[in-house]
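Step one of this worksheet: look at the structure below.
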């Protein structure tokens, strides 16, 4: 599903074209993934788009409600999660829409913001500004902003496997399976290692790897391994830089050992058994013999 780099890419694209636009109308298809469809139809028309931001894996479109006298009025936020197959794009109103397009938001420049989702695992909800703050507080740190000290504190004290910690949205917001695997490979850390058993040097290396992998993925506009496209309908290119993700059985780019896959925290984890040695298991002590 779209992770931090993919969502950031979509946000950056929408940020170019949406701010300043006024919403004219809303048309809905299937609505089982929308928290309150009636609210969208009643509150979005007439509102003005102020900005587009990312909150972890969520897209937040800031709105000045219809009838507000200034930009300082309490905002509304249209919060969107792309799920596994969601796409959010702007198109001219007369352009043909692909199948499974369920939300059409008409804009005052003749375009539409469209949400398409084959499997409808995404989510759309309209919330007041106060609830956005509460939502942000429940999420973990931003991976591109977290300091080394905070990173070590969050990971170095936990008894869970490091792959599970990377996927925990209460620790790092926005990380997902692709970039967790790629970061661990770059750091030469096995996904089953326990967080508190990692050395300070290993944690520092992982901290740097996470930031570098995410930055590179954003620069290449994300990974198109399934339905993901950016806000203009273009595919990303970082999937051509994957070193372990979905490369089970293929040779490691470093040592030529075959990439393996295991299940950790209910998710597939890809790694090189030579570059990322498994943690040593402690042998139970035998009972002392009686004299």
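Computed from the coordinates by the stated procedures, all read-outs in this text should not be read as laboratory data. Fair warning: this is a prediction, and the values are worked out from it, not measured in the lab. All Cβ positions, even for glycine, are placed from backbone atoms using ideal geometry, and neighbour counts span all protein chains on display.
Which option, [x] 164; [y] 122; [z] 149, is the value of volume of the Cα convex hull per residue in Å³ that was calculated from these coordinates?
Working out volume of the Cα convex hull per residue in Å³ from the coordinates points to [x].
Mind putting together the pair-distance distribution for the range 5-104? All Cα pairs, 10 Å bins, whole percent per bin, short to long.
14, 46, 37, 4
Going by how many other beta carbons lie within 10 Å of each one, how would you line up 228, 115, fewest first?
Details: 228 25, 115 22.
Ascending Cβ contact count within 10 Å gives the list 115, 228.
Treating each Cα of the range 45-156 as an identical point scatterer and ignoring solvent, apply the Debye formula and state log10 I(q)/I(0) at q = 0.22 Å⁻¹.
Normalising to I(0) and taking log10 leaves -1.25.
What does the helix-only formula give at 222 nm for the chain: each DSSP H stretch with n ≥ 4 adding -39500 (n - 2.57), the total divided by the residues, and the result rounded to the nearest 500 deg cm²/dmol? Mind showing how you got there, number by number?
Values: 7 runs with 77 residues, N = 291.
Rounded to the nearest 500, the figure is -8000 deg cm²/dmol.
Between residue 22 and residue 268, what length in nm is gained on full extension when 0.36 nm per residue of separation is reduced by their alpha carbon distance?
Numbers: separation 246, 0.36 × 246 = 88.56 nm, distance 4.31 nm.
Stretched out fully, the residue 22 to residue 268 stretch lengthens by 84.2 nm.
Measure nothing fancy, just the Cα-based angle from helix 177-187's long axis to the longest principal axis of the chain, in degrees from 0 to 90, nearest 10.
The helix 177-187 is inclined about 40 degrees to the chain.
Taking 45 Å as R0, compute the FRET efficiency from the Cβ-Cβ separation of residue 71 and residue 225 and round it to 0.05. Show your work: numbers first, answer last.
Details: r = 39 Å, r/R0 = 0.87.
Efficiency, from the Cβ-Cβ distance: 0.70.
Mark the label point 7 Å from the Cα of residue 95 along Cα→Cβ and return the residues of the range 207-240 whose backbone N is within less than 12 Å of it.
Answer for this model: 230-234.
Under a no-solvent Debye model with one identical scatterer per Cα of the range 148-271, what's log10 I(q)/I(0) at q = 0.12, 0.16, 0.22 Å⁻¹?
Debye intensities relative to I(0), on a log10 scale: -0.44, -0.78, -1.34.
Please order 101, 215, 147 by the number of other Cβ within 10 Å, starting at the fewest. Show your work: numbers first, answer last.
On the way: 101 19, 215 13, 147 10.
Fewest to most other Cβ atoms nearby, the residues stand as 147, 215, 101.
Can you put 102, 35 in order, fewest other beta carbons within 10 Å first? If you can, show how the numbers build up before the last one.
On the way: 102 21, 35 13.
In order of increasing Cβ crowding within 10 Å: 35, 102.
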